[in-house]
Each structure stands twice: as C-alpha cells, then as structure tokens.
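Below is one structure; the comments refer to it alone.
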2 protein chains.
Amino acid sequence: MAKEKKLVESITSMEEDFAQWYTDVVKKAELIDYTSVKGCMVIKPAGYALWENIQHELDKRFKETGVENVYLPLFIPESLLQKEKDHVEGFAPEVAWVTHGGLEPLQERLCVRPTSETLFCDFYANDIHSYRDLPKVYNQWCSVVRWEKTTRPFLRSREFLWQEGHTAHATAQEAEERTIQMLNLYADFCEEVLAIPVIRGKKTDKEKFAGAEATYTIEALMHDGKALQSGTSHNFGDGFAKAFEIQYADKDNTLKYVHQTSWGMSTRIIGGLIMVHGDDSGLVLPPRIAPVQAVVIPVRQKAEGVMEKAQEIRSALIQAGIRAKLDDTDKSPGWKFSEQEMRGIPVRIEMGPKDLEAGQAVVVRRDNREKTVVQIQEIAGKVQEILDTMQKDMLERARAHRDSHTYTAVTKEEFKKTADEKPGFIKAMWCGCRECEEAVKEEIGVTTRCMPFNQEKLSDTCVFCGKPAKTLVYWGKAY
Amino acid sequence: MAKEKKLVESITSMEEDFAQWYTDVVKKAELIDYTSVKGCMVIKPAGYALWENIQHELDKRFKETGVENVYLPLFIPESLLQKEKDHVEGFAPEVAWVTHGGLEPLQERLCVRPTSETLFCDFYANDIHSYRDLPKVYNQWCSVVRWEKTTRPFLRSREFLWQEGHTAHATAQEAEERTIQMLNLYADFCEEVLAIPVIRGKKTDKEKFAGAEATYTIEALMHDGKALQSGTSHNFGDGFAKAFEIQYADKDNTLKYVHQTSWGMSTRIIGGLIMVHGDDSGLVLPPRIAPVQAVVIPVRQKAEGVMEKAQEIRSALIQAGIRAKLDDTDKSPGWKFSEQEMRGIPVRIEMGPKDLEAGQAVVVRRDNREKTVVQIQEIAGKVQEILDTMQKDMLERARAHRDSHTYTAVTKEEFKKTADEKPGFIKAMWCGCRECEEAVKEEIGVTTRCMPFNQEKLSDTCVFCGKPAKTLVYWGKAY
C-alpha cells in the first residue's frame, strides 16, 4: 500500500490549507499545468474534457431557447472600446494591447477582447434595420483576456475560455425576460448537471457589469465557506444601443433603439466544481459531467478469465451509454484505486478471481466509498442506478453544506462576529446605499454577493447603518 | 417573380467574374460579414453552423484515432518563438505583437499565436519524461492570427478558426505514420463529407512548413481551375525536440529525443466548399455538411390543410433524423425558393392544395433542380434517398470537373501553353531542384501544389529544364 499512500499524501489536506489543497488537486488530477506564459495555463486532457462536457450541455440548452452561434474578431480597435463610457472605464485597465502587426506599428492599437459587447454592438448596428431582424440571439464560444495581477488555475487567469451570449430585442421587457431566462438556464445547469446549488439574485449597482443597467448572478458556496460567482446575465437596456446607434424601424415606421443583454459562463465553473465536491483524496466529479463515469479495475488481472470478464463489463457499460474505461495497465490495484479517487471518477468496479467465481463485482462510489456487490449480468443497470443516486446525493450534500453555512445577522455585532468566526453566506438586511456597502467591506470584511430573488424580511433596518432596510442581501467572502 | 429574380441577380455570374461571384455568395448566403476590425470577419450563424458541423465530424474522427483535446495559451513570448530558427523566420514577419498589459508595458513582448508548435514544445518539455508518457496525441480548437496584407472571406483573414494537432512519439517511424494517418483522415473527410475530391501528396522543400522535415498536403481544385491547399500534416522529425530539449528515458534507460508532428484544417475549407460546389444561384451544400438539409415550402399556405400537412412533413423528416425546417413566413413561395437556392439547402419540398389532394409533394434537388413527386406517407425515406444520391453525385461531379481540368505537359512549350490557356492542374515531371521551381513560377506562372502519392512517369526529363526528372508534380495557380 506504500504507493497509493504516496499519491494521496501528495495532496495537502483541506483543513490544513484549502488553497494549497486546491492547487495540489488541480495539478495531481492532471487538469492543468503552468506555462512559460505568465498567468496563462495549459488545460490538459482531463480538464479540457470537463470543459467539453460543459460546452455540450450548455450549448444544447442554449439552442433549445433559439440561440445561434457566431464568431466575432479577437481584436477590438481602441476607438470602438471607448464608445460606451462606463464600459471602457471598467475594462481598459486590464486589457492587453496589440501595437504591431508583423514588422509595422499599427495606426490604431487593438485590444485583445476582454468581452465582446462593443464588437457585437458594432456588428448589430450594421445588421439590424427593421423589427423583422429582431430578436438577435447570438452566442460565441471563445477565449478572452484580462490582465490580472494575481492568478489561480481556473479561478483567475489572464486568458480563460467562456461563452458570451449577446442579444438585441425590440422591447425592454423582452430584454429583461431573456436576461432572467439565461440566468435560470445557468442555475438549472449548475444544479442538474454539476450538482452545485446556487443562489439566484441581482448584483448591487456597485458590483454590476461595466455598462449594464442590471446584472443578475448565480452564487455558489465553496467547501471553505467562500462564495464563487458562477455565471452572470446582464440587461443593458438601450445604453449601448444609444452609444452605438443601433436602431430599427418598428412596425409603425418610427426608428427605435434596441434593448440588449449579455450573459456568460466560463472555465471558472470548473474551479467551483473542484471546491464544492472535492475531498482529501482528490477530485469528486458528479456523474453527469464526468468524462469517465466508471472505471473497471481488475484485481489479480493475470488470473484466468479476469481480464476477459473485465472487458465484458466495460463493453456492457458502454453499450448502456455509460462512459466507461478499463484500467488494464500493470500498476497495482491499490495504485489504480488511488488514481481513480484522485481523478474523481464517480465509480470504480473491482473484480478479481473470487468475484468472477461468484459471478459478481464490487461497485465503489467515489463520493462516500459505499460498496455494492452487484451480479455481473445486471451490472449496467445497477451502475446506472448508483450513478443516478450519486448525482442526487451530491447535490443534496452540497445543498446541506451550503445551508448549514448560511447564517443570518440582524445586528452589526452579530454581523461582525459571524463574518469573523463562521465562513459562509450571511443573510442580512441592507439600506441600499453604496457608502454603507463600502463600509461593510472595509469594517466587516464581506461583500454583497447578491440581492436574492427569494426575499425575506429579517428586520426593518440595515444590519450595518441602522437606516430603513430596502432589501435582503447575501454577504460573503468571494473568490 | 420580380422578387426572386432580384435575389439571384444580386450575385455576379461565375463566368463573368469568379472573385466577385464568390464575395457575393459569401455575403448573400449570410455566411460572413465585414467588421470595423480590418482584415477580420464576423462568421454569421449560417457560416458558423457549417464550421460546427465540420468540427463535429473531424473531432469524432480524431478521437477514434486516440486524439485528446487540450487548450494552450493564446500568447507566445518572443524568446519562445525564436527557439527554432526556421520556424521564427517563417512566422515572425506576420505575427501581431502584444506590448502592453493593462496600463503597463510588458517586459517581454508576446505574439498572438500564428500556430502553436513552440507552445506545445515548451509544454512537452515539462510533461514528457519517460517512454511511458508517449505518445502524446493532442489537439486544440482555437483561433490563430497572421497579419496578412490582403484578405478574403474564409480564404485569407488576419484571424481564422482552425484545429491544430501536435503529437510527440518515441520513434521517427511512428511520427511518420501519424503524419500520413492524419493526412488521410483529412482527405477522407473532404471526400466523404464535403464531397470535395483531393490530391494527396508531399510539398516540395520550398513549400513546406517552417521548421518541418516534410509537409504533406491535400489539394482541391476549385470551379475556376485554381487550387486550394485544404489541409496539411507535418513531420518535424526531432528538430523541434532538439531546439526545446524534449527528451524521454527509453526502456533501455537512455535519453532520446521525441519525434513530432502537427496537422491542421481551418475555416478556409469553407471557402473551398463554396468554390467547388456553388453555382450562379448561390451556395450548393453537400447534404452531409448542410446545417439544414431540407426545407418545406408550402404553396398557397393559407389554403385549408396546407400548413398542417407541411408541419407534418417537417416532423416526419426530423423524426427520421433529417435536419429539416419549415418556411412559414409570409414571403412568396418564389422568394422562398430563391432563398433556399442562395443558401444551398440541399432539397426543398414544395406542397400546395393540389399536392395535398393527391397526397403528394414535390422534392427539388438544389444541385441539378431535379424534381421528384413523392407520396407524403413515404416522404422521409424518399428524401433520405435523394439526399444520399445527391451527396454521391456531388462528389462525382466535382471529380469529373477536377479530372477534366487536369492536364499533362511534357515539353516546356506545352507547359507554358497549358498554363496560359487552361485553368486547372498540370501534371508534369520535375528535376527536384529549387532554382527550377522558382523559375517555373516566374516564367510559367504556376507553383508546385504537391508531389502526389500516386506517382506516374510522363517522361524522363524535367518539363522545364530538361535535366533528369525526379518526380511527378501537380502544378497550378493557387488561392
């Protein structure tokens, strides 16, 4: 057992140092590697396969709502970026600038897109003429660049992969409906596929996207009690339309400005997946997103019939639509078990000569190590059942963890004490004023995560300043 | 009929001006739009859907050969780009340079990847230690940037989408086998899916990729007799491995250099698709790659029962796995026919009150306008048959066109005359010397497209210089 001990011991325990645990898991589960390009990462096959599954699921859900995919340029001319005042202020400090093409300096420098609102607006201004051209519900899958000072794998890097949807509508109401629709799509995806429960809500004015009228967000709680903004959906009203002159001739023959939205989810969510479900043995992947859902690990694989039966099992699983592999390398079974755990493969199927004799195999769940002895002839159905149960259990466990780390505070003292002592969400009332929000950050050390759609009234006054309360807020420390 | 005439008349005829015809089709079929970013395009939904289908098919074929997808950074530090001498010479003149991150100048400038050999080498140098780590068969889907002076939609733009595979192998033989395997994969994909016949062969030393030992290519002939390099596969030998110190400990415990390959196909192939199959009414898409394969167009759609039956037909087609749409807009049927033709939708299904009465519909092929009267109750099966036949016919027609525009030349006079008068491929013997190749370009106006795998011996001497011939070459004018 020396070897498998070594593999597990190679990661720091979560309790000891959560940040180091995270970095260790990302590296040992072979999701990511560092590169010679400061702040940029290599996404390795195991990490990229997760992103492919996320893309596949999201893209399917997008298209069911009428989204069409397009591709716009990587570069934004400086003059275009500057057209919307709030937007440029928000992004200009963190963009990368191209100043030379080939051997010659450019006449106008280009930034590498940090997000593509300005490009979509420029495109829509040419492409939209009449009410018949609306709505436009476009999306692109691409990478974007933001020149961050400190970076962490998946969570914050100078380049990351994402999708960005950009829509244009005839009315304000339609734009608002699309904004909420996409937020709910993200939330359902997180809960149903990633087993990550989220709080749906609205960002405060201070926290909203540069140039947006309203930003909606889904917020997830990580194992260490910190929050992760996991997807956002913005309603721009007609602000960008006015800056970029995007008008359409309505049925009544008058020119009107369009109303726009944008919404995005990125590889950041993989960081969330790791920090919500992982444990001290490594990654734990919900079955619905796992690139490999089951690995068959023969024990005493050279014994007569073992390997043949293991192959049969793998085939039966694949036949039933389960993403299954067989580990037939010459490593020890214990080492293979450790690897399966490190990589977060949802179940392993152990089978040796004795099992073979009894016509059975042992299915071991990654999340709780529960073992089930299963008759080989009914293995595919049983494994599918176990995967389904595991998927549900993981969501429930994450929800229970989130709920047991969600606190309420009515007084400033409670607020301070909870923030200091109990990592998690704090629900508390807020007066709605920006100065108060900033003072909370300064004094209490937490920020507004969102004003949840599900409002409650905990008290009549702001938890911090005592003025009349306007809204319930989820506060927390965030990644 | 005034309107549909207008739509067709809005494109220039091929005979009159092929280049203008191409630009018109790209624009009117709504594949692409120009942008404020010079030399960069917007790929619109109809264009991007083609790329998605290409990606889907290629990715599936890649994975069947063991390819794993990854993602490497967008940026390459200048020092990294310079590590392989030939490579930097080939690419440095046409890269875009990032010199500032946020508000500060960078210590070392970064180029936006024109291709990622250097990044993969840097990654492999860290990731490969032992023979157990080999082979690495990685691929990425991304965009790349080359600062072209003159650009054309799909064919040559400053940014384009592609996939780039990068592999590392223990032996030279394995690398060569992978190089050829991927070239054949591209060729099969072009012929089976895009209905584009290709010549498989090797590039001359002059035309090979910067840093490669050998470059293999597939060359297709466009409708106007010009050639399009449609996919390439490179064998690097151990040249990059030596420049980047990529070594592995072999079974015999000695350190050895890996052998590498790379291979790519890009959105350029969509340009090929247009120029091989298109006609004076617009795009013609082979059924296997068409985002919409069949469009149902009701005639007198307000007549009783017509729209209901049209919906039924659409459902039956979708049920059978055919990508079908119903055009139920209030445009005239003639206008809808023109649109279907412009967009290259493989078949349209016309159905009016009289057809309804007779329980039939008319299926019209896009490529040859052939009409088939089909019983509605067996429509899905019949449409599938027609699509299958059309796919085969399109490949055969393209092959016949290619063959009838492939000429041979034995003497310099023949060579010159053919090049001047007959657009197409010219097969002719070559001495293998670079000076001769350059003189042919200068004097005859054609370049070497490839030395085909299927060699023939047309004569003993070089068509140009009369020295002993080494190889048969396909010559042509290229995009």
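The values are calculated or read from the model by the stated rules, or taken from the named source; none is laboratory data. Source: prediction; values computed, not measured. Note that each Cβ is placed from the backbone with ideal geometry, even for glycine, and that neighbours are counted across all protein chains shown.
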State whether one or more residues within the stretch B:201-212 are away from chain A (no Cβ under 14 Å), part of a helix (DSSP H, G or I), farther than 30 Å from B:Lys38 by Cα and of a type in the set (Ser, Thr, Tyr). no
Taking the options B:Ala324, B:Ala361, B:Ala320, name whichever one is over 31 Å from the mean Cα position of the chain (by Cα) and small (Gly, Ala, Ser). B:Ala361
It is to be established whether one or more residues within the stretch B:127-149 are under 30 Å from B:Val25 (Cα atoms) and of a type in the set (Lys, Arg). yes
Single residue of the stretch B:88-114 satisfying the filter (more than 15 Å from A:Leu103 (Cα to Cα) and crowded, with 24+ Cβ neighbours inside 10 Å) that is farthest from the other protein chains (Cβ to nearest Cβ): B:Arg113
Top-ranked residue in the stretch A:71-85 [being in a loop (DSSP other than H, G, I, E, B) and surrounded by 21 or more Cβ atoms within 10 Å (Cβ to Cβ); ranked as nearest to the other protein chains (Cβ to nearest Cβ)]: A:Pro73
I need the full set of residues from the stretch A:112-144 which are assigned to a strand (DSSP E or B), within 21 Å of B:Leu161 (Cβ to Cβ) and of a type in the set (Gly, Ala, Ser), in order please. A:Ser143
Quickly run through the stretch B:34-44 and pick out the residues that are at the interface with another protein chain (Cβ under 7 Å from one of its Cβ atoms) and surrounded by 18 or more Cβ atoms within 10 Å (Cβ to Cβ). B:Thr35, B:Val37, B:Cys40, B:Val42, B:Ile43, B:Lys44
When every residue in the stretch B:121-139 that is facing chain A (nearest Cβ under 9 Å) and surrounded by 20 or more Cβ atoms within 10 Å (Cβ to Cβ) is compared, the one nearest to the chain's Cα centre (by Cα) is B:Tyr138
Suppose we filter the stretch A:49-68 for residues that are at the interface with chain B (Cβ under 8 Å from one of its Cβ atoms) and either within 14 Å of A:Trp141 (Cα to Cα) or among the basic types (Lys, Arg) (or both); how many remain? 3
Is it the case, given these coordinates, that B:Gly165 is at positive phi and not charged (D, E, K, R)? no
Quickly run through the stretch B:159-211 and pick out the residues that are over 20 Å from B:Glu68 (Cβ atoms), among the acidic types (Asp, Glu) and surrounded by 21 or more Cβ atoms within 10 Å (Cβ to Cβ). B:Glu159
Out of A:Ile322, A:Ile318, A:Ile349, A:Ile345, report the one residue that is of a type in the set (Val, Ile, Thr), buried (at least 17 other Cβ atoms within 10 Å of the Cβ) and outside any loop (DSSP other than H, G, I, E, B). A:Ile349
All but one of (1) within 20 Å of A:Lys382 (Cα to Cα); (2) under 31 Å from the mean Cα position of the chain (by Cα); (3) among the hydroxyl-bearing types (Ser, Thr, Tyr) hold for A:Ser338; state the number of the condition that does not hold. (1)
Please report, ordered by residue number, the helices (runs of 4 or more DSSP H) entirely within the stretch B:1-69 with at least 2 residues that are of a type outside the set (D, E, K, R) and modelled with pLDDT under 95. B:2-9
Tell me which residues, restricted to the stretch B:88-111, are under 23 Å from the mean Cα position of the chain (by Cα) and without any contact (Cβ under 8 Å) to a residue 60 or more places away in the chain. B:Glu94, B:Val95
Could you go through the stretch A:451-473 and let me know if any residue there is closer than 15 Å to A:Ile199 by Cβ, of a type in the set (Lys, Arg) and modelled with pLDDT of 95 or more. no
Provide a single number: the residues in the stretch B:364-401 that are in contact (Cβ under 8 Å) with a residue 40 or more places away in the chain and closer than 18 Å to B:Lys325 by Cα. 8
Output the qualifying pairs, or none if there are none: Cβ atoms under 7 angstrom, residues six or more apart or on different chains, first residue in the stretch A:281-307 and polar (S, T, N, Q), second residue assigned to a loop (DSSP other than H, G, I, E, B). A:Gln293/A:Pro287; A:Gln293/A:Ile322; A:Gln293/A:Arg323; A:Gln293/A:Pro346; A:Gln301/A:Asp328
Can you find even one residue in the stretch A:425-432 that is in contact with a Pro (Cβ under 7 Å, 6 or more places away or on another chain), farther than 30 Å from A:Ile289 by Cα and buried (at least 17 other Cβ atoms within 10 Å of the Cβ)? yes
Within the stretch B:141-159, residues more than 7 Å from every other protein chain (Cβ to nearest Cβ) and of a type in the set (Gly, Ala, Ser) come out as B:Ser157
